[in-house]
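K.L.:
Take a look at this one; I'll ask things after.
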Amino acid sequence: MASKEITASGFVSVSKDITESIKKIVDKSSIKFVHGIKLDTKSGKTEDRILVLTTWRLYFLAPKTPAKVENTFNFLEIRALNSQPEHQVIIDTDKSSYSLRFESREHLNHVVSHINFALSRIFNNSIFAPSICHSDSDLSEGSRKYSPSSETSVETQRACGGFSETYSALCDYNGISCKEEVQWDVDTIYHSQDNREFNLLDFSHLESRDLAVIVASMAYNTWFTKLYCKDLRIGSEVTEQVLHTVSKSSSLEEITLENAG
């Protein structure tokens with residue numbers, strides 16, 4: 001186990017060995033941020049940790065090798081993110097609360113910006129998008145500009161309204177593998193044909209849970225206006241997601257479920 005290195009301001013430094021060890025357990029292509037932080041524990045102590053941000057997820061790791069994930073959660077699990085003075089932030093999730101302090105305001109701004117921007121990509125600026133970020137007056141405009149409610153935070157030209165990004169995030173949230181064939185078909189075939197009708201039969205070979213996530217991804221999508229399924233038996237979890245999608249979608253105009261029960 002390598003000894004941890006400390007910066008002049010008292011924060012753990014992420015060495016090359018630790019970085020390489022992290023890349024062995026976290027998809028390196030998705031890593032967006034790796035820095036040492038101070039994490040408050042339940043016993044009232046403050047301990048060194050390494051915070052890793054990926055596209056849709058946050059990780060806490062001990063500052064040692066081999067790297068080991070202590071806690072992790074998808075951004076969709078966050079219920080509140082409150083910025084405090086002295087570069088501190090409190091993150092409340094479905095299961096727990098985390099109080100952490102960053103080495104600099106820049107690091108704090110980066111994390112808040114990334115989380116809010118990621119959520120804006122998932123929800124496509126829907127009115128149902130959560131507004132989780134609450135900050136002290138010192139938080140920079142750079143951290144606010146990616147609010148999910150901002151009309152300018154997400155470009156409108158993403159393939160099929162950014163379906164693939166929402167799908168990827170929900171796969172991560174549900175702990176299932178993201179099927180590249182789904183993303184490719186939507187981004188390439190559906191988009192090139194300007195096809196606004198999503199046909200579940202195109203993915204009839206996938207398991208019910210995969211279909212449920214696909215349907216859930218349409219809840220905040222503004223590209224697709226129709227959902228079609230005929231002569232394909234879908235499970236209760238898919239049916240539940242259809243009902244959820246109907247209740248949230250502002251774009252779906254027609255749903256066909258024929259001989260699907």
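Every number in this text was worked out from the coordinates using simple rules, so none of it is lab data. Small disclaimer: the values here were computed from a predicted structure and weren't measured. Neighbour counts run over all protein chains shown; Cβ positions are idealised from the backbone, glycine included.
K.L.:
Take Glu47 and Asn195, extend 7 Å from each Cα along the Cα→Cβ direction, and tell me the distance between the two endpoints in nm.
P.N.:
5.1 nm
K.L.:
Next question, about the same structure. Please compute the length gained on full extension between Lys23 and Ser96, using 0.36 nm multiplied by the number of residues separating them and subtracting their Cα-Cα distance.
P.N.:
Numbers: separation 73, 0.36 × 73 = 26.28 nm, distance 2.59 nm.
Working it through step by step, the gained length comes to 23.7 nm.
K.L.:
Still on this structure, please answer the following. Which pairs, out of Lys23/Lys179; Lys24/Lys45; Lys179/Lys248, put more than 26 Å between their alpha-carbon atoms?
P.N.:
Numbers: Lys23/Lys179 22 Å; Lys24/Lys45 29 Å; Lys179/Lys248 24 Å.
Flagged as over cut-off: Lys24/Lys45.
K.L.:
If R₀ is 45 angstrom, what is the calculated FRET efficiency for the pair Val246 and Arg105, using the beta carbon separation as r and rounding to 0.05? Write down the numbers at each step before the final one.
P.N.:
Numbers: r = 43 Å, r/R0 = 0.96.
Between Val246 and Arg105 the formula returns 0.55.
K.L.:
Excluding residues on the same chain fewer than 8 positions from Lys95, give the aspartates and glutamates whose Cα lies under 13 Å from its Cα.
P.N.:
Glu77
K.L.:
Compute the length gained on full extension between Ser13 and Lys68: take 0.36 nm times their separation in residues and subtract their Cα-Cα distance, giving the result in nm to one decimal.
P.N.:
Details: separation 55, 0.36 × 55 = 19.80 nm, distance 1.64 nm.
My answer for the length gained is 18.2 nm.
K.L.:
While we're on this one: Dipole magnitude of the range 167-261 about its Cα centre, charges +1 at Lys/Arg Cβ and -1 at Asp/Glu Cβ only, in debye to the nearest 20?
P.N.:
Working: 7 positive and 16 negative charges, 48 e Å.
The dipole magnitude comes to about 220 debye.
K.L.:
With a/c under 1.5 counting as rounded, go ahead and sort the range 159-258 into rounded, prolate or oblate using the C-alpha gyration tensor (a ≥ b ≥ c being the square roots of the eigenvalues; past the cut-off, prolate if a/b is larger than b/c, else oblate).
P.N.:
Values: a/c = 1.22, a/b = 1.04, b/c = 1.17.
Rounded, since a/c falls under 1.5.
K.L.:
If you stretched the chain out fully between Lys226 and His205, how much longer would it get, using 0.36 nm times the residue separation minus the C-alpha to C-alpha distance?
P.N.:
On the way: separation 21, 0.36 × 21 = 7.56 nm, distance 2.06 nm.
So the extension gain works out to 5.5 nm.
K.L.:
Using the Cα gyration tensor of the range 1-110, with a ≥ b ≥ c the square roots of its eigenvalues, what is the shape: rounded (a/c below 1.5), prolate (a/b larger than b/c) or oblate (neither)? Write out the running numbers ahead of the final one.
P.N.:
On the way: a/c = 1.55, a/b = 1.18, b/c = 1.31.
Note, shape of the range 1-110 comes out oblate.
K.L.:
Next question, about the same structure. Could you list Glu20, Glu253 so that the one with the fewest beta carbons within 10 Å of its beta carbon is first and the one with the most is last? Let's see the in-between values first.
P.N.:
On the way: Glu20 13, Glu253 10.
The most exposed by this proxy come first: Glu253, Glu20.
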